[in-house]
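Working notes for the structure below.
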Amino acid sequence: MNTKTLEITFETETQKPFKLTIPNLSTAITKELVATQAQHIINTRVLSVSGRVIKQAKSAKMIDKAITVLELTP
């Protein structure tokens, strides 16, 4: 089983990093879609960190994990 997680790192107005992690993504995620949605998050100011405004997206990572379940018998 594979799981994909998107991690976007934003920067606040005081240059502090803020990470947004979105688990269980579909495979239809593109660089353009992430950039557009990150900018939408910034423009709408839906997120704040201790009252600080998020100013820009610094990076984004797609983390792909393969999980193998091992059956153990007694």
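Points to keep in mind about this one:
- Estimated translational D of the chain in µm²/s (Stokes, Kirkwood radius over Cα pairs; 20 °C; 1.002 mPa s): 154
- Applying 1/(1 + (r/R0)^6) with R0 = 35 Å to the Cβ-Cβ distance of F18 and D64 gives a FRET efficiency near 0.95.
- Between 0 and 90 degrees, the angle of helix 31-44 with respect to the longest Cα principal axis of the chain falls at about 50 degrees.
- Nonlocal Lys pairs with alpha-carbon distance under 23 Å, the chain (8 or more apart, or different chains): 17
- Among S50, A66, M1 the positive-end extreme of the charge dipole of the chain (Cβ point charges): S50
- Residue order, fewest to most surrounding Cβ atoms within 10 angstrom, among E7, E71: E71, E7
- About its Cα centre, the dipole of the chain is roughly 280 debye, where the only charges are +1 on Lys and Arg Cβ and -1 on Asp and Glu Cβ.
Readers should treat all values here as calculations from the given coordinates under stated rules, not as data from a laboratory. All figures in this text were calculated on a predicted structure; none of them were measured in a lab. Glycine gets a Cβ as well: all are built from the backbone with ideal geometry, and neighbour counts include every protein chain shown.
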